[in-house]
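Working notes, structure below.
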Amino acid sequence: MDHDHDFEWRPGETLEVDGEAARTEASWFREVLGRYASGVTVVTTMTGTASGESPIGMTCQSFTSVSLDPPLVAFLPTRQSRAYAAIRRSGTFCVNLLAADQADVSDRMAGPSDDKFAGLAWHPAPGTGAPILDGVVGYVDCTVEAIHEAGDHVIVVGRVVDLATGEDTKPLVYHRGDYTTTG
């Protein structure tokens, strides 16, 4: 079976598709769903390494509120995401709502680098210690409430332990394969 690994679903997410017909179908699926504008977030946590704790993060567009009582949110990472593996181990994460001028942060967190936080200003969230990036329009700090299998992704449900607004500026939005802002 022909496995192709170069179909990009979202920034930084490369998925395996089987053959040309599956690639065509996946491209059409992406084209149609790309008409829906979504906010851009960076989901972060701290991970233990041989040299101590270090920050890890990933760009994520698939973020949503779930419940007001109790306060729950969800995001949907790919199963093979290193950041998701760290979040699963730590049991905590912080969703950083990116500002319009943070496309470079989104691109950095979507890439394969082992040192995504080099030179990036952040501070620990008061509830979990997960990184809050400087300059975001808001953040939602969470503990993992549940994880559900969902095809080549998982649905991570988080219980909100802290949240706040940040910079009073326009958010970063992703629409039709590119970054944009709202009015």
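No lab work stands behind these numbers, since they all come straight from the coordinates. Everything numeric here is computed off the predicted structure, so don't read it as measured data. In this analysis, Cβ positions are derived from the backbone assuming ideal geometry, glycine residues included, and neighbour counts consider all displayed protein chains.
Taken as Cα centroids, the range 85-106 and the range 114-130 sit 9 Å apart, rounded to the nearest whole angstrom.
Overall shape: rounded for the range 38-175, with the ratio a/c of the largest to smallest alpha carbon gyration tensor axis below 1.5.
Model label points for THR24 and HIS175, set 7 angstrom from Cα along the Cα-to-Cβ axis, are 3.1 nm apart. Among ILE87, ILE132, the order by Cβ neighbours within 10 angstrom, fewest to most, reads ILE132, ILE87.
Of the trypsin sites (Lys or Arg not before Pro) found in the range 94-183, the ones in coil according to DSSP and having at most 16 other Cβ atoms within 10 Å of their Cβ are ARG176. Structural descriptor for the chain: relative contact order 23 percent, calculated from alpha carbon pairs under 8 angstrom and at least 6 residues apart.
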